[in-house]
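The values are calculated or read from the model by the stated rules, or taken from the named source; none is laboratory data. Note that the structure is predicted; figures quoted are calculated from it, not measured. FYI the Cβ positions are ideal-geometry reconstructions off the backbone, even for glycines, and counts take in every protein chain you see. In case anyone asks, the SASA skips ligands and DNA or RNA and just uses the protein heavy atoms, side chains included. Shrake-Rupley method; radii C 1.70, N 1.55, O 1.52, S 1.80 Å.
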Amino acid sequence: GHASAAAAAAAPGPRFVAAAAIDLPFRDATFGYVTAAFVLNHFARYDTALYDMVRVLASGGRLGVATWGKRDDELGAAWREVAEEFAEREVLELAHREAQPWAERFADPGEVHLALREAGLGEIRVERREYHLTFTREDYLRSREIGATGRFLRQMLGEELWPSFAARARQVFEQRFPEAFNDFRDVNLAIAAKP
C-alpha cells in the first residue's frame, strides 16, 4: 500500500520478507539472485524446494547454495557421547535424520552439483572450503543445545532431566577441552545459473 511505498522511498535498500520456502509468495522470474544457505538438508523434499527457488529466479540469474561438509571431530564425538548417556544412539540418529534428512547426501560436493543440475541449472561450480571458528566452551555447548539433536533431547528429557544432561555435557567439556578452542568446518559452496 501507500505506507510501504513511502517507507521504500524514504529508506531505499534491501527489503526483507519471511515466507515458507516451498510455495514462495513471488512471481516467476522475480529475482536475479537467490541464496540457500544451509537449508537444503532440512527439506522433506529438497527437489521441490529447489524447483521453487529456480522458479522465482530470472533467466540468467544465479542461485547460490551452501551446505555443511562431512567432518567428524573430537568436539562432536564428545557431545554425542554425553547425549548417548541419556538416550539410545538409534533414537538420536533417527531424530537427526528427521531434522536433516539430506545432511549425509549434501555433505558430498558431487551430490550438490547433481541436485543443481537436476533442478535445470547450468554453469554449476561447487567448491569445498574449510572455515576456522573460535569458540568458548560455553558458546559451543549452547550452539549444540539449540541444534536439532539438542532440541530433541530437551523435549525428550523434559525440564526435570535436561539440567542433568546440560551439567554432564559441561563437566565432560571442562575435562577435555580448554576454555576457548578452534573448530574447523567444511562447507560446500555452489553457484549455478538459470538458462
Requested in this report: Could you quote the convex hull projected area for segment 110-165, Cα atoms only and averaged over all directions, in nm²?
Outcome: 6.4
Query raised in the report: If you place +1 on the Cβ of every Lys and Arg, -1 on the Cβ of every Asp and Glu, and leave all else neutral, what size is the dipole of the chain about its Cα centre, to the nearest 20 Debye?
Result: 780
Query raised in the report: Going by the alpha-carbon gyration tensor, a ≥ b ≥ c the square roots of its eigenvalues, is segment 1-131 rounded (a/c under 1.5) or, if a/c is not under 1.5, prolate (a/b greater than b/c) versus oblate?
Result: prolate
**Report entry** For segment 42-195, the Rg and Dmax computed from alpha carbons only, in angstrom
**Finding:** 18.4, 55
**Report entry** Hz values of 3J(HN,Hα) by residue in segment 137-150 - Karplus curve (6.51, -1.76, 1.60), Gly and Pro given as x
**Finding:** 3, 5, 5, 4, 4, 4, 5, 6, 5, 8, x, 4, 5, x
Report summary line: Once phi for every residue in segment 74-85 is put through the Karplus expression 6.51 cos²θ - 1.76 cosθ + 1.60 (θ = phi - 60°), the whole-Hz ³J(HN,Hα) values, with Gly and Pro written as x, are 4, 5, x, 5, 5, 4, 5, 4, 5, 4, 6, 6
**Report entry** Sulfur and carbon atoms: percent of accessible area, the chain [1.4 Å]
**Finding:** 54
Query raised in the report: Helix 109-118: angle to the longest alpha-carbon principal axis of the chain, degrees 0 to 90, nearest 10?
Result: 30
Report summary line: The ³J(HN,Hα) series, computed from each phi in segment 119-133 with the Karplus coefficients 6.51, -1.76 and 1.60 at θ = phi - 60°, rounded to the nearest Hz and given as x for glycine or proline, is 7, x, 8, x, 6, 7, 10, 10, 10, 9, 10, 9, 10, 9, 10
Query raised in the report: Mean residue ellipticity at 222 nm from the helices of the chain, using -39,500 (n - 2.57) per DSSP H segment of n ≥ 4 over the full residue count, to the nearest 500 deg cm²/dmol?
Result: -15000 deg cm²/dmol
